[in-house]
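K.L.:
My structure is below; once you've seen it, I'll send some questions.
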Amino acid sequence: MESVSAQLLPSTQRALLHRIAVAQSDGRAPSLVAAVQRQGQIVWSGSRSCVDDHAPDDNTQFRIGSLTKTFTAVLVLRLRDEGLLDLDDPLEKHLPGTGVGGVTLHQLLCHSAGLGAEAPAPWWERTPGTLRPELADVLGEQTRMHTPGQRYHYSNPGYTLLGALVEKVRGARWAEVLEHEILEPLGMHRTSLQPQAPHAGGWAVHPWADVMLPEPAEDLGLMAPAGQLWSTTGDLLRFADFLSRGDDRILSAASVKQMREPAAPTEAGDWEFSYGLGLQVVQRDGRTLFGHTGSLPGFLAALWISTEDDVTAAVLTNTTSGPVIGGVAADLVKTVAEAEPRIPEPWRPLPEVDPELLALTGPWYWGAHTNVLRLTSDGGLELQPLRGNGRGARFAARPDGTWIGLNGYYAGETLRVVRNGDGTVNHLDLGSFVFTREPYDPMAAVPGGVDEGGWRGLEV
């Protein structure tokens, strides 16, 4: 059996270095560091700096801004998985007295609660959190901009509320819960609430001259769950591996997969961007990326993951504006995925198969539409049209012998095998649709019946 080295080809490494060098130079960033992970291993890292012999590495902290929100979302999902709350619960059930308690936890997680984007003045990212000691100081007077559930509207105060929810249910500070439940188990020892050396300083670069201004690094107080954290590319790639595969010490693979699924209504015409539960989901260059971007005065951050390619890129820089960091990280993923495509695992037959289940595979007809039912490698079923882009879905078995749709048009719908009195299969029932072994099979329970004359040609 041939093995493939995790090491990237020299040509791929040069392409990655070229991309971040252009980003740092054209974006006039004081420094920029990036790293790429493939199949769970860091396979490349690189950096650029305006100071000779002083470039950052994968152990240098930068502020990650709104990437913090993904950590907060994980903490909320943990509470859900422990049965301490439900995502459809109104906030008021667990955190009373906010004035916006009618919005659900799900809406807060995916930014569809209709809350304002920012805290009231002064600009919360450049002022001490002590100016906003209470949740009312974070929410302000105009708490609701839109009807809950109807549109995506990014809200930093919404994640402040989620952080407060975590504190209320756990009975401990958000930062302590974060440390104990995520950072320690994942070995993220270089991710912290406050900067720890070595760390970058935050800068603003003048838009019309090559001069810089230091930015303040404020403690955000109650707003911390929306954007406080400092981290490194090394730690972010550890976190990304968890978001890709799950970790039963923290969240199962099923729960992190739920985080990656679009959950908020998209804006008309913005079909390339959506938001899950604490994760941004984008379509770029024909692939789906999930992760998050972040910014605070003096810093920009991006983390993008492609599960299909099993490639992740993290990019950090210490400038308020300049390089389009999200685009840089996406380009790093694309470079590796296209230059060195993922080699698929060998095909292997199923260890065992139920003969009755095997007998269900093959063509099925919804009216005159031809569909094919297949067994999947995980023991599920997949129904797809034989031609075209019609309705299809994957299905998982239920204990009662039925199957539940996992995706597509039939997500959440029930698939039943309807049998005759002698045990033979009459038809499949899928959300009231009847699928038969022959087009409009006269022996099956086709709604409306089948014309006794059967199929015929054109009579002249």
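The values are calculated or read from the model by the stated rules, or taken from the named source; none is laboratory data. Computed from a predicted model, the values in this text were never measured in an experiment. Methodologically, a virtual Cβ is constructed for each residue, glycine included, from the backbone with ideal geometry; neighbour enumeration extends over all protein chains shown.
K.L.:
Scanning for something assigned to a helix (DSSP H, G or I) and acidic (Asp, Glu), does segment 53-69 turn up at least one residue?
P.N.:
No, segment 53-69 contains no residue that is assigned to a helix (DSSP H, G or I) and acidic (Asp, Glu).
K.L.:
Do the conditions hold for Gln196, that is, is it within 27 Å of Asp247 (Cβ to Cβ), touching a residue at least 40 places away in the same chain (Cβ under 8 Å) and over 21 Å from the mean Cα position of the chain (by Cα)?
P.N.:
Judged against the criteria, Gln196 is a match.
K.L.:
Which of the numbered conditions does Ala240 fail, given that it passes all the others? Conditions: (1) over 11 Å from the mean Cα position of the chain (by Cα); (2) in contact (Cβ under 8 Å) with a residue 12 or more places away in the chain.
P.N.:
(1) is the only condition that Ala240 fails.
K.L.:
A follow-up question, please. So, of the residues in segment 82-94 that are farther than 17 Å from Ser155 by Cβ and in contact with a Leu (Cβ under 7 Å, 6 or more places away or on another chain), which turns out to be surrounded by the fewest Cβ atoms within 10 Å (Cβ to Cβ)?
P.N.:
Looking at the filtered set, the residue picked out is Asp89.
K.L.:
Follow-up question, since we're still on this one. Somewhere in segment 115-127, is a residue surrounded by 19 or more Cβ atoms within 10 Å (Cβ to Cβ), of a type in the set (Val, Ile, Thr) and in contact (Cβ under 8 Å) with a residue 12 or more places away in the chain?
P.N.:
No, that holds for no residue.
K.L.:
Restricting segment 42-58 to residues that are over 25 Å from the mean Cα position of the chain (by Cα) and of a type in the set (Asp, Glu), which is farthest from Met212 (Cα to Cα)?
P.N.:
Across segment 42-58, the extreme among qualifying residues is Asp57.
K.L.:
Would you please list the contacts, defined by Cβ atoms under 7 Å and residues six or more apart or on different chains, that run from a residue in segment 95-110 that is assigned by TED's automatic domain parsing to the domain that holds Pro133 and more than 11 Å from Pro148 (Cβ to Cβ) to a residue that is of a type in the set (Val, Ile, Thr) and modelled with pLDDT under 95?
P.N.:
Gly99/Thr143
K.L.:
Within segment 112-200, which helices (runs of 4 or more DSSP H) (wholly inside it) include 1 or more residues that are under 14 Å from Met223 (Cβ atoms) and modelled with pLDDT of 95 or more?
P.N.:
156-170, 174-178
K.L.:
Hey, another quick one. Of the residues that sit in segment 427-445 and are without any contact (Cβ under 8 Å) to a residue 40 or more places away in the chain and crowded, with 16+ Cβ neighbours inside 10 Å, which one is nearest to the chain's Cα centre (by Cα)?
P.N.:
Of everything passing the filter in segment 427-445, Asp429 is nearest to the chain's Cα centre (by Cα).
Conditions tested, residue by residue: (1) over 21 Å from Leu358 (Cα atoms); (2) touching an Asp or Glu at 6+ places or on another chain (Cβ under 8 Å); (3) not aliphatic (A, V, I, L, M); (4) not in a loop (DSSP other than H, G, I, E, B).
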position	(1), (2), (3), (4)
Phe395	no, yes, yes, yes
Tyr409	yes, no, yes, yes
Leu415	no, yes, no, yes
Gly423	no, no, yes, no
Leu428	no, no, no, yes
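K.L.:
Determine, yes or no, whether Leu67 is crowded, with 23+ Cβ neighbours inside 10 Å and hydrophobic (A, V, I, L, M, F, W, C).
P.N.:
Yes.
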